[in-house]
Amino acid sequence: MNKADIRKLLQRVKDNEIEVETAMEVIEDLPYKEMGFAKIDNHREIRVGYPEVIYCEGKTVEQVKSIIEFMLTKDNNILATRANEKMYEAVKTICAEAKYNPLGRTITIQKREEQLTDSYIAIVSAGTSDLPVVEEAAETASILGNRVEKIVDVGVAGIHRLFAKIDVIRGAKVVIVAAGMEGALASVIGGMVDKPVIAVPTSVGYGASFGGLAALLSMLNSCASGVSVVNIDNGFGAAYNASIINKL
């Protein structure tokens, strides 16, 4: 439930449209639902504006299915990240509307329409190998109600490709940049736009990239002032923050 839902519920009680006991049944799972292996934070959307997101890695198929089965009763949009094909197949048995992005490893369920923002988030990748992070970010931003423009494979090894798309990037309210190897693309874009840039180091590259650590350190040491950095491969975290900025 969000604040608007609670306000409508209380108004219905005030107008004698429903009994107090009925309203209590609706809100009995606030602030969280105890499931033994998990505590579903039903209060999160009221506090921060977005419902809880399911991080699937490390969970069993049955755990993911059970969490989503309960969340479906709340009629919220659902996002599950780092999900695998078996999890998706299990979820499909309880919700035919579930969609799976195999590259981004996300499960999404759209239970209510979100009014899309007029402004958009640009998600830019240095290379095709960064696409899993791009897709995770795009699915996150989209289900949170944002317009998204994806610009892929425009890394510094062929920087003319970036220049061909710079107008689209500059038109965004916030820019997400996913890059592995040495992570230089974030600094380049940060020096060319007047919008906040959220850099995502990816675990792409040969041995000395140390699974994305080299890109992470490069981005943290960026000389472009408008660049902030999230964790390695954290497309979800970048898109969540970008969504907050885009809706300011």
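For the listed peptides 196-203, 163-170, a ranking on the average number of other beta carbons within 10 Å per residue, highest first, reads 196-203, 163-170. For ASN77, nonlocal amide neighbours, meaning residues 5 or more places apart or on other chains whose placed amide H falls under 5 Å from its own, are LYS111, ARG112. Summarised in one figure, the compactness ratio Rg/Rh of region 49-96, Cα atoms and Kirkwood Rh, is 0.93.
Here LYS74 is the anchor, and the lysines within straight C-alpha reach of less than 25 Å, apart from those fewer than 8 places off in the same chain, are LYS3, LYS8, LYS14, LYS33, LYS39, LYS59, LYS65, LYS86, LYS92, LYS99, LYS111, LYS247.
For region 154-248, the Stokes-Einstein estimate of translational diffusion at 4 °C and a viscosity of 1.567 mPa s comes to 98 µm²/s, using the Kirkwood hydrodynamic radius over alpha-carbon pairs. To the nearest 0.05, how large is the calculated FRET efficiency for ILE6 and LYS92 if R₀ is 25 Å and r is the Cβ-Cβ distance? The computed FRET efficiency comes out at 0.20.
Shape descriptor for region 87-150: Rg over Rh equals 1.02 (Cα atoms; Rh from the Kirkwood inverse mean 1/r). Set the Cα radius of gyration of the chain against 2.2 N^0.38 Å, with N its number of residues, and you get 1.12.
Here the translational diffusion coefficient of region 45-189 follows from Stokes-Einstein with Rh set to the Kirkwood radius across Cα pairs; for 4 °C and 1.567 mPa s it amounts to 79 µm²/s. Once you reduce region 116-168 and region 184-248 to the center of their Cα atoms, the two points are 12 Å from each other. Peptides 150-161, 129-140, 113-124 ranked from most to least packed, by the mean per-residue count of other Cβ atoms within 10 Å: 129-140, 113-124, 150-161. Once the gyration tensor of the Cα atoms in region 181-230 is diagonalised, the equivalent ellipsoid follows with semi-axes of 20, 9, 8 Å, ordered largest first.
The numbers here are math on the coordinates, done by the rules we state, and not lab data. Keep in mind that what you see is a predicted model, and the values were worked out from it rather than measured. Because the Cβ atoms are built from the backbone with ideal geometry, glycine has one as well, and the counts that use them run over all protein chains shown.
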